[in-house]
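> Quick one: structure below, then a few questions.
The values are calculated or read from the model by the stated rules, or taken from the named source; none is laboratory data. Bear in mind that the values here come from a model prediction, so they are computed numbers and not experimental data. Glycine gets a Cβ as well: all are built from the backbone with ideal geometry, and neighbour counts include every protein chain shown. For accessibility, only protein heavy atoms count, side chains too; no ligands or nucleic acids. Shrake-Rupley method; radii C 1.70, N 1.55, O 1.52, S 1.80 Å.
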Amino acid sequence: MSIQTIDKSSLAERVISTFDTVSKQNAVVTAVRLEALTRFETLGFPSIKNEEWKYTNLKPVVNQDFVPNAVGNISAEQLQDSIIPTEKASILVFVNGAYQPALSVLTQEAEGIVVTTFKEALSKYPEIVEAHFAKYADFQKDALTAMNTAFAEDGVFAYVPDKKVLEAPVYVYFISDSQQVAPLSQLRNLIVAGRSSQAKFVTAFHTIGELHSFTNVVTEIVVGENASVEHYILQNEAEQAYIVGTTQAQLARDCHFTSHTVSLNGALIRNNLNMVLAGSNIDAHMYGLYLLNGNCHVDNHTLADHQQPNSFSNELYKGILDGKSTGVFNGKIYVKPDAQKTNAFQSNRNLVLSKDAAMNTKPQLEIFADDVKCSHGATVGQLDDEMLFYLRSRGIGFESARALLMRAFADDVLQNMTLEEVHTHVDRWIADRFL
Amino acid sequence: MLTINNLHARVEEKEILKGLNLEVKPGEIHAIMGPNGSGKSTLASVLAGREAYEVTDGSVNYLGEDLLELSPEERAQKGIFLAFQYPVEIPGVSTTNFLKTAINEIRKARGEEALDAVNFLKLMKEKMKLVNIDDTLLKRALNEGFSGGEKKRNEVFQMAMLEPKLAILDETDSGLDIDALRIVAEGVNKLRSKDNAIIVVTHYQRLLDYIVPDFVHVLYKGKIVKSGTKELALELEEKGYDWIKAEVTV
């Protein structure tokens, strides 16, 4: 076993010092990386003085001795518990940011469809990468996206040409191996779905090991006209895991896009989900579920940016907070002046089960068109005593009755999952959690 | 089976039951009648273990045990069933799943093996026929969007499934038209046996045309002030409650 020496410089400095090792083979991408690097150097990590980070303090995270590009070593056996059983799927496993071909299984798809790694795509399909890389996820304002854009070299890459259907859903596992060192992993995903194409993606996060882990992920999803894309983010994490990430979805007219974000535990999780509805007649959904306990902290920042008329967006995020956990929900809806006849709905519902848990929820609507239907609602409450009594009066014990009610609370988020295997799996997580 | 002795109970600071006595034996049906605010629903709630009600004096003995020491679920596991006046709607919980959980928790508490899916469905079918309930109703979330009549029928169906020793029907007739009332009452009658007992809490006599009681008690100002047979209910129907009030104050 080698002993890793940790230098005492700041995490930002340590990350920046690794820029020499980043591949410079593609001039276009390298130019973007350099720009992002400069931006990251200027911005530094956000503090709670930044309005977007008011309730999520990264300072304790970035003060830790995380090791960029730490080599991980996870066996298929160790991985087993993290893998969702599937009948038909492409499975890509990344450990500490690096692709693990031995742990991955790719399904043969129809001609023209590409499911591979970002690294591979950069050498094999440079024109697609160049056309989309960092075109959507903004690194000018967001330091973590800037850091990711400059340094993240691998992740999943998928390209589904016009009218093609991805037959096997893609399951991507981002594993942090924190057995030897506390790793910093940066992942970059690019998903491009052509006109009238269809695709389903799952990105799942898991830490194996006792030490802390820090993952910074950026996913850019380009949904073409009349295409249909469903994206799942599954974070059934360890209590020592830190995850920050941005999912940026660029939506063209007539498309369908659905996002599901499920977070269980994790020391600190920050999910940014930005949907840009750049066309008309778009049907877009954002579903979120967070079940928090202990000291964990989960922050969901979402944006539905309506730029064109006649589109629909619907958002439902639900959370159950116990122990000393804290949650943040910030839901932005922008309706730009051209986006008449927009329908945009947002709902955030929370159960806070202990007096030490806390939820901060903030809807943020900025509407610049006059003929729109927008609504938002947020609730923070407890389990309903009358429901509890009803169940108990039928012989169901207090704990089981609580579990039944909590599962019921989560149900209307989960029932929108069309990947049955994911639905079943998440349902089991929830059952394990509450019983 | 059930012996209530000098029961006093209050909600918040308000004393509602003020020394209630009642004796129920297996096979009997008791009707508790009384004007609004006399404490009928409080009695039902106290027996089922609703937490907002505080017993300040007296005792309730059920099958040789101190009922007041038991949690609501323990009471149910030992055979007490409350048919709610206002059954609560629980979105996201299907009636089927709910009942399977309930039956198996009760069986576990009694040291019996859990019912498997096949036997559970068999039992469901049998009881559905008994109380004449449609399975489309049971596939929906528990009571969600049910009409008043459907909710009450679901209560009786649950009663059939759980086979209680002592069932308490809390104003099961309220909000029902005569047809719904008859269907619900028929269901209850089919569940009568020499081993179980039923307490029917009601404001009106009409339910007792269908569920014929052995005893009728009039509850007024937190006490049972008059007891009799089913003829007493008819007399109340005819004369109203004023004569009782007059009799008590005299």
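> Give me a single rounded figure for A:395-407: the average over its residues of other chain Cβ atoms within 10 Å of their Cβ.
Going residue by residue through A:395-407 and averaging, the value is 6.
> Let me ask you something else. Please give the helix B:95-109 orientation as an angle from the longest Cα principal axis of chain B, in degrees from 0 to 90, rounded to the nearest 10.
With both axes taken from Cα atoms, the answer is about 80 degrees.
> Same structure, new question: Which percent of Cα pairs goes in each bin when the distances of the range B:1-50 are cut into 10 angstrom slices starting at zero?
In whole percents, the pair-distance histogram is 22, 58, 18, 2.
> Sticking with this structure for a sec: May I ask you to derive the FRET efficiency for B:N132 and A:R253 from their Cβ-Cβ distance with R0 = 56 Å, giving the value to the nearest 0.05?
Values: r = 53 Å, r/R0 = 0.95.
So, using R0 = 56 Å, E works out to roughly 0.60.
> Taking a 1.4 Å probe, which of B:D173, A:D384, A:D338 shows the most accessible area, and what order do the others take after it?
Of B:D173, A:D384, A:D338, the descending order of accessible area is A:D338, A:D384, B:D173.
> Something else about it: Can you list which of the chymotrypsin sites (Phe, Trp or Tyr not before Pro) found in the range B:172-250 are DSSP loop residues with at most 15 other C-beta atoms within 10 Å?
Numbers: sites: B:Y204, B:Y210, B:F215, B:Y220, B:Y241, B:W243; in loops: B:Y204, B:Y241.
Counting only loop positions with at most 15 other Cβ atoms within 10 Å, the chymotrypsin sites (Phe, Trp or Tyr not before Pro) in the range B:172-250 are B:Y204.
> If amide H atoms are built 1.01 Å from N in the plane of the peptide, which residues on other chains or at least 5 residues away come under 5 Å of the amide H of A:E239?
Correct list: A:G266.
> List the residue ranges in chain A for DSSP H helices whose C-alpha atoms run 18 angstrom or more along the long axis and whose Kyte-Doolittle average is 0.5 or above.
Helices meeting the span and hydropathy rule in chain A are A:27-43, A:398-414.
> I'd like the antiparallel share, as a percent to the nearest 5, of DSSP beta bridges with both residues in chain A.
Values: 7 of 145 bridges.
About 5 percent, rounded to the nearest 5.
> By what distance, in whole Å, do the Cα atoms of the range B:117-250 stretch along each of the three principal axes, largest value first?
The Cα atoms of the range B:117-250 stretch 61, 33, 23 Å along their principal axes.
> Scale the Cα Rg of the range B:1-139 by the rule-of-thumb value 2.2 N^0.38 Å and send over the ratio, two decimals.
After normalising by residue count via 2.2 N^0.38 Å, the value is 1.21.
> Please compute P(r) over all alpha-carbon pairs of the range A:288-435, binned at 5 Å starting from zero, and give each bin as a whole-number percent.
Taking all Cα pairs of the range A:288-435, the binned fractions are 2, 9, 16, 16, 18, 14, 10, 7, 4, 2, 1, 0 percent.
> Let me ask another. Taking a quarter of the surface of the Cα convex hull of the range A:384-435, what do you get in nm²?
So the mean shadow area of the Cα hull is 3.7 nm².
> Using Cα atoms only, what is the angle between the long axis of helix B:148-162 and the major principal axis of chain B, expressed in degrees (0 to 90) to the nearest 10?
70 degrees
> For the range A:17-23, just list the computed ³J(HN,Hα) in residue order, Karplus coefficients 6.51, -1.76 and 1.60, θ = phi - 60°, integers in Hz, with x standing in for Gly and Pro.
Result, ordered by residue: 5, 8, 4, 4, 7, 5, 4 Hz.
> Right, something else. Normalised radius of gyration for chain A, please: alpha carbon Rg relative to 2.2 N^0.38 Å, two decimal places.
Ratio of Rg to 2.2 N^0.38 Å for chain A: 0.95.
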